[in-house]
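Heads up: the structure comes next, in structure tokens.
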Amino acid sequence: MRSYTELLGKEASKADFNFRDFIQSLDERELYDFVEDVLTERTENMRFAFPPSKNISTHDIVFWDIVHLPTKVYQQTVGKCLDAIFLQAIDNKENPDSQAVIRNALGLTMAKQAGISAGCMKESLKKTSIDEETKLGLAFLLSKIEDKVPLSYWDREIDYVASPYLIPAYISAYADADPVKALEKLTLLPKQPESYSYFKSPITSALKNMLIEKRNYRDYVALRSRSDMPEWVKQEFDAVLKTSRFRENRVVEGIAACQKKEREVAEIRNTQTKVAAARLMPFQLLKK
């Protein structure tokens, strides 16, 4: 029997059982055990209080209740346990429960925008024992907590040549603040990576900010025209621009108009250069 089971039985027997009151009444040990059972999806000890239905498991019911706790209550209860439980799972990856804990802890933190601390995520990203997919999940989550992680972290702390699979998180972090800088990082990937699917969402977000929010066609044209921009990236850009959101905002037309203007400006400058050279010709002949 887990430490919280007796108290849960008493509370669940009440006609006005309230999950918020229950979670706040747990002491430190009881709270830890309860949250650990939820994250491992080992909910046998709470099934009597949260009976499953045909399509909804006990774990789903309790997880849903946690997600819908008021933010302050969540942070004062469940949020306090997540670092310790998450790190234990990271350090004991052979344990069959570890993957469930990692998945659910990341999901809960993303849903509440709080839980696993930024410091814990940063430390975890340094661990060589963590698989690439888990690190990418951590990095994505970290990129969404903008008020806790300065953008300089993404340039200073990660070697993207050694860990190119983390580039989607870099793009996600910079997508709003500097989409050009975000997408420039793709020049490090001459070949389409195996984790290509992870790139789609952050690339789309960066392009949306650049071309729809900021109408920054000129920088897009320069970015796509870079000699070191891989062909697979250009194809991905083209595919994104064909989607409905970009068509509705006439992005392709805006880019075409920008390119036309750039050509006209270049022609004017070329003409001016030729005229200037012609004017200098007589003076050059006199010097001979």
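Each value in this text was obtained by applying a stated rule to the coordinates, not by laboratory testing. Values in this document were obtained by computation on a predicted structure and should not be read as measured data. Ideal geometry is used to build each Cβ from the backbone, glycine not excepted, and the neighbour counts take in all protein chains shown.
Between K80 and Y160, what's the calculated FRET efficiency when r is the beta-carbon distance and R0 is 45 Å? Round to 0.05.
Details: r = 33 Å, r/R0 = 0.74.
FRET efficiency, K80 to Y160: 0.85.
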If you stretched the chain out fully between E264 and S53, how much longer would it get, using 0.36 nm times the residue separation minus the C-alpha to C-alpha distance?
69.2 nm
Obtain the nm distance between the two label points defined at M110 and S129 by a simple spin-label model: each point lies 7 Å from its Cα along the Cα-to-C-beta direction.
2.5 nm
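Excluding F246 itself, what net charge comes from residues whose Cβ is under 11 Å from its Cβ, given Lys and Arg +1 and Asp and Glu -1? Write down the numbers at each step before the final one.
Details: positive: K208, K242, R245, R247, R250; negative: D238, E248, E253.
Neighbourhood net charge equals +2.
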Reduced Cα scattering model of the chain, Debye log10 I(q)/I(0), q = 0.08 Å⁻¹:
-0.51
Fully extended, how many nm does the chain gain between I212 and S152 (0.36 nm per residue separation, minus their Cα-Cα distance)?
19.0 nm
Counting only helical runs of four or more DSSP H residues, what would the 222 nm mean residue ellipticity of the chain come to if each run contributes -39,500 (n - 2.57) and the total is spread over all its residues?
-19500 deg cm²/dmol
For the pair T187/T243, report the inter-label distance in nm, with labels modelled 7 Å from Cα in the Cβ direction.
2.5 nm
Order of 57-68, 10-21 by packing, highest average Cβ count within 10 Å first?
57-68, 10-21
Proximal lysines relative to K80, as straight alpha-carbon distance under 19 Å, when same-chain residues fewer than 8 apart are discounted
K72, K112, K122, K148
Set of lysines near K242 by C-alpha distance (under 28 Å), chain-local residues within fewer than 8 positions excluded:
K144, K181, K185, K191, K200, K208, K214, K234, K260, K261
Determine, at each q value in 0.25 (inverse angstroms), the log₁₀ of I(q)/I(0) that the Debye formula gives when each Cα of segment 113-204 is one equal point scatterer.
-1.53
